[in-house]
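Reviewing the structure listed below.
FYI, it's all coordinate maths here, none of it is from the lab. It should be emphasised that the depicted structure is a prediction, and the values quoted were computed from it without experimental measurement. Cβ coordinates were reconstructed from backbone atoms using ideal geometry, including for glycine residues, and neighbour counts include every protein chain displayed.
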Amino acid sequence: MQDNTFLACCSREIVTGRPAILGCPLDVTATYRGGTGAAPDAIRIASDSIETYSPFLDADLENSPFSDLGNLPLSGESLESSLTNIERAVSEILRREGRPLCLGGEHTITLPVARAINTVHPDAMIIHLDAHTDLRDSYEGSYINHATVIRRVHEITGLGRLIQLGIRSGTAEEFSWMREHGTWMEWGPGLDKTLLRRVGSRPVYLTLDLDVLDPACLPGTGNPEAGGWYYRDLERFYEALCRMHVVGADVVELTPGLDPSEVGTITAAKIVRELLLILGMNR
C-alpha cells in the first residue's frame, strides 16, 4: 500500500467503529475511456484544497477519527486476483469492526465489497447511485465487468435488498428488469420518506458511481450521461443517509485525466469527506 494521507487522516490502522479508506485502483474492464486507476490518489491530492469541516453536516473530520489504509497493489494483477484481494481487504476491515470506504477504480470493485459486506451483514440493503443500470447479464463476452456488476451484486443479496437511484441510461431489457424487480426508484424533494421506509432499520451499503452527477458538475468520468443529479440532489440524499445505519460505501468511476480543470476530482474529494463524516456518526 502507498504512503498517502487524506485530509486530517489520523491513523494508518483500522479503528473499531470508525471509517477506513481503502484505495482500490482497479482499471481493467473499461470499454470506452479508461483511467480510473488514478482516482484514489487524485482524490487524496485534491483533499488538500478542502477544509475538514462540513457546513452541511455541521461536523468536522478533526473530531471524527478515521484511517487511510492506502491503495491495494492491483497493477498487473488479473481481474480475478484483484477482486479476491479487494474482498480479503474489506473482510479484514469488517472483522476488526471498521467501516470501509473504498475508492475506485472502476465500478467492478463493488462486487467483492458486496461479498464481504453480505458475509457480515446478511440483511444489508444496497443503495446504488448511478447514471447507468449496470444490470447486463454479460457485456462484450464478459460476465464480470463494470456493466454487469449490479446484476452480480443482486445475485448475492437476492430480492428486496437493492435500491437504484439516479438511473437514466441502459438497455430496454435492463429497465424492464428494474421494474420487474422493483429496484428503480425516482428521487427528488419529498421522496426521502419513501426511501427510509424501504430501508427500515437494516444496515446500508452505498455504492456511488460519480456519473450519477450531471457532466456539468463532474465531467471527469468514463461514461458521462446528460440529465443527471446536481450537487443539491446529492445533499438531499445525504439528509436521508444520515438517518440510516450505514456500514460501508464506495465511490467509483472518477477518471481524473479527462478533466484538466480538476473540478470533478475536487467534487469527488468533497463527497468522500461527507461520507467519512456520515460513516463516523454514532448510531
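Annotations
- The value obtained for the chain, namely the Cα convex hull volume divided by the number of residues, is 116 Å³ per residue.
- As a rough footprinting exposure proxy, the listed residues LEU83, LEU218, LEU196, LEU26 were ranked by other beta carbons within 10 Å of their own, and the order from fewest upward is LEU196, LEU83, LEU218, LEU26.
- For SER49, neighbours were defined as the other residues whose beta-carbon sits under 13 Å from its Cβ, and their charges (Lys and Arg +1, Asp and Glu -1) total 0.
- Convex hull of alpha carbon positions in segment 14-133: directionally averaged projected area 8.7 nm².
- Of the GluC sites (Glu not before Pro) found in segment 64-156, those in coil by DSSP whose Cβ has at most 11 other Cβ atoms within 10 Å are GLU140.
- Diffusion coefficient of segment 146-242 by Stokes-Einstein, Kirkwood radius over Cα pairs, 20 °C, 1.002 mPa s: 147 µm²/s.
- Helix-only CD estimate at 222 nm, as mean residue ellipticity for the chain, using -39500 (n - 2.57) per DSSP H run (n ≥ 4): -10000 deg cm²/dmol
- Segment 19-279 - percent relative contact order, Cα under 8 Å, separation 6 or more: 26 percent
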